[in-house]
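Single-structure report; data block below.
Bear in mind these aren't lab numbers, they're just calculated from the coordinates by the rules spelled out. A quick note: this is a predicted structure, and the numbers were derived from the prediction, not measured. Virtual Cβ from ideal backbone geometry, glycine too; neighbours counted across all protein chains shown.
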Amino acid sequence: MYNFFDQTQVICNLDYYNDTVHYSAEVSSMILNWMKEGTGLITKDNYEQKLSEEADYFNHYDYDSIYAVLGEVTP
């Protein structure tokens, strides 16, 4: 199993998305390369740390900045 939510330079860059949920072909290529390198591999030894880091990141993320970039009003 792989998880790429720690690749914040990609997941937080709206230029990599074709719409609100679909990322570009460039990201697909990145993911294939990461898998080949073993990046993002989830194991019994690292899954708790990975989940903890992911939860911390998303719990402290500046979500209002997304709406500012999109020029929308914060919900």
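General observations
- Database remark: amide H of Tyr23 closer than 5 angstrom to the amide H of Asn18 (H placed geometrically; neighbours at sequence offset of 5 or more, or on other chains; Pro and chain starts carry no H).
- Helix 25-37 and the long axis of the chain differ in direction by around 20°, with both axes built from C-alpha atoms.
- Among 4-13, 57-66, sorting by the average number of other beta carbon atoms lying within 10 angstrom of each residue, highest first, gives 4-13, 57-66.
- Think of each Lys and Arg Cβ as +1 and each Asp and Glu Cβ as -1; about the Cα centre, that makes the dipole of the chain roughly 280 debye.
- 0 to 90° range, to nearest 10: angle between helix 47-59 axis and the chain longest Cα axis: 10 degrees
- Paramagnetic reach from Glu37 in the range 1-27 [backbone N under 15 Å; point 7 Å along Cα→Cβ]: 3-11, 27
- Net charge of neighbours whose Cβ lies under 15 Å from the Cβ of Gly40, counting Lys and Arg as +1 and Asp and Glu as -1: -3
- Calculated Rg and Dmax of the Cα atoms in Å (choose from (i) 11.6, 32; (ii) 21.8, 73; (iii) 14.2, 42), label: (iii)
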